[in-house]
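Trainee: I have a structure I would like to understand better, so I am pasting it below and will then ask my questions one at a time.
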Amino acid sequence: MIDAVFFDIGGTILDESREFAMWADWFGVPRHTFSAVFGAAIARGLDWQEPFRVFRPGFDLATELELRAAAGKPETFGEEDLYPDARSCLTSLRDQGLLVGLAGNQPAHAETMLRALDLPVDVIGTSAGWGVAKPSAAFFEHVVRAGGGDASSILYVGDRPDNDVRPAIEAGMHTCLIRRGPWGYILDLPAVAEQSLFRIDSLDELPTLLAKHNTTTP
């Protein structure tokens, strides 16, 4: 049975469209151009910061975030950036008596903003807070500990087969792959996706699937 469910953050519960648009504006390039270059980088399997370096050679994330903040254009997100199905899904899973958590690659300030959203979750873990990032095995060891210590009773939900599903499976967890966001639509790894317990297009599907799984699992 599944006793705990952990969600990736960006691209899974958080729609990053507005933030990517703000980066395009910061670089002074058309948003469509930035999106096209970003998609091409994903299709080639490159690091997510690689398209930033196309427009800003020598790009350093920490430095640029400081510059944006100083210019009054900090990286931020709020309730309006949650996917419409996120809060209701989290609530439904907690109503089933499951431990619900968030665990994703996020900078230090993101944890404060996530807590400010007052989401119905029991755990919030970030790469900055844990000092290790996906797809490192050490990141998922943190997830297992936060989820009670039994990897086989944890479901990890994410949009990326490479950063989310594959390493979570290697850590002994069950997985759910959601098809949304740029990685969800562009990055196609069938051999990895087929190993997922669930494959969904909306978080609205998950509570029912999980309840049925837990009801029928011996």
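The values are calculated or read from the model by the stated rules, or taken from the named source; none is laboratory data. Since we're looking at a predicted model, the values are computed, not measured. Positions of Cβ are generated from backbone atoms using ideal geometry, with glycine treated the same way; all protein chains shown enter the neighbour counts. Side chains are part of the model used for accessible areas, which takes the heavy atoms of the whole protein and leaves out ligands, DNA and RNA. Shrake-Rupley method; radii C 1.70, N 1.55, O 1.52, S 1.80 Å.
Matching residues to (1) free of Cβ contacts under 8 Å to residues at least 12 places away in the same chain; (2) charged (D, E, K, R):
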| position | (1), (2) |
| --- | --- |
| Gly131 | yes, no |
| Ser153 | no, no |
| Ala168 | no, no |
| Glu194 | yes, yes |
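Trainee: If you scan the stretch 47-83, which residues turn out to be small (Gly, Ala, Ser) and either surrounded by fewer than 13 Cβ atoms within 10 Å (Cβ to Cβ) or within 19 Å of the chain's Cα centre (by Cα) (or both)?
Mentor: Start the filter on the stretch 47-83 by keeping residues that are small (Gly, Ala, Ser), which leaves 58, 62, 69-72, 78.
Residues satisfying the conditions are Gly58, Ala62, Ala70, Ala71, Gly72, Gly78.
Trainee: Kindly indicate whether any position in the stretch 36-46 is part of a loop (DSSP other than H, G, I, E, B) and under 24 Å from His109 (Cβ atoms).
Mentor: Restricting attention to the stretch 36-46, the residues satisfying the condition of being part of a loop (DSSP other than H, G, I, E, B) are 44-46.
Checking the rest, the ones that are also under 24 Å from His109 (Cβ atoms) come to none.
No.
Trainee: Could you list all residues from the stretch 1-33 that are open to solvent by 20 Å² or more (accessible area, probe 1.4 Å) and of a type in the set (Val, Ile, Thr)?
Mentor: Hits for the stretch 1-33 are Val29, Thr33.
Trainee: Looking for whichever is exposed (fewer than 13 other Cβ atoms within 10 Å of the Cβ) and either without any contact (Cβ under 8 Å) to a residue 60 or more places away in the chain or under 30 Å from Ile154 (Cβ atoms) (or both) here; the options are Ala86, Ala103, Ala36. Which one fits? Before you say what the answer is, go through the steps one by one.
Mentor: Details: Ala86 fails: exposed (fewer than 13 other Cβ atoms within 10 Å of the Cβ); Ala103 fails: exposed (fewer than 13 other Cβ atoms within 10 Å of the Cβ).
Result: Ala36 is the single residue among Ala86, Ala103, Ala36 that is exposed (fewer than 13 other Cβ atoms within 10 Å of the Cβ) and either without any contact (Cβ under 8 Å) to a residue 60 or more places away in the chain or under 30 Å from Ile154 (Cβ atoms) (or both).
Trainee: Just give me the residues in the stretch 108-117 being within 21 Å of Arg145 (Cα to Cα), touching a residue at least 12 places away in the same chain (Cβ under 8 Å) and not acidic (Asp, Glu), in sequence order. It would help to see each step written out before you state the result.
Mentor: As a first pass, look at the stretch 108-117 and keep what is within 21 Å of Arg145 (Cα to Cα): 108, 111, 114-115.
Keeping just the survivors that are touching a residue at least 12 places away in the same chain (Cβ under 8 Å) gives 108, 111, 114.
Residues satisfying the conditions are Ala108, Leu114.
Trainee: If the requirement is being under 15 Å from Gly104 (Cα atoms) and either in contact (Cβ under 8 Å) with a residue 60 or more places away in the chain or open to solvent by 20 Å² or more (accessible area, probe 1.4 Å) (or both), which of these qualifies: Pro120, Pro135? Reasoning before the result, please.
Mentor: Details: Pro120 fails: under 15 Å from Gly104 (Cα atoms).
Going through Pro120, Pro135 in turn, just one is under 15 Å from Gly104 (Cα atoms) and either in contact (Cβ under 8 Å) with a residue 60 or more places away in the chain or open to solvent by 20 Å² or more (accessible area, probe 1.4 Å) (or both): Pro135.
For (1) open to solvent by less than 70 Å² (accessible area, probe 1.4 Å); (2) within 15 Å of the chain's Cα centre (by Cα), each residue gets a yes or a no:
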| residue | (1), (2) |
| --- | --- |
| Glu170 | no, no |
| Trp183 | yes, yes |
| Leu187 | yes, yes |
| Leu197 | yes, no |
| Ile200 | yes, yes |
| Ala211 | yes, no |
| Asn214 | yes, no |
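Trainee: Which residues, counting only those in the stretch 91-128, are in contact with a helix residue (DSSP H, G or I) (Cβ under 6 Å, 6 or more places away or on another chain), part of a helix (DSSP H, G or I) and modelled with pLDDT under 95?
Mentor: Ala108, Glu111, Ala128
Trainee: Among (1) open to solvent by 40 Å² or more (accessible area, probe 1.4 Å); (2) in contact (Cβ under 8 Å) with a residue 24 or more places away in the chain, which single condition is Thr126 missing?
Mentor: With respect to (1) open to solvent by 40 Å² or more (accessible area, probe 1.4 Å); (2) in contact (Cβ under 8 Å) with a residue 24 or more places away in the chain, Thr126 is out only on (1).
Trainee: Just for the stretch 142-157: of the residues that are touching a helix residue (DSSP H, G or I) at 6+ places or on another chain (Cβ under 9 Å) and either in a strand (DSSP E or B) or among the charged types (D, E, K, R) (or both), which one is most open to solvent (accessible area, probe 1.4 Å)?
Mentor: Looking at the filtered set, the residue picked out is Asp150.
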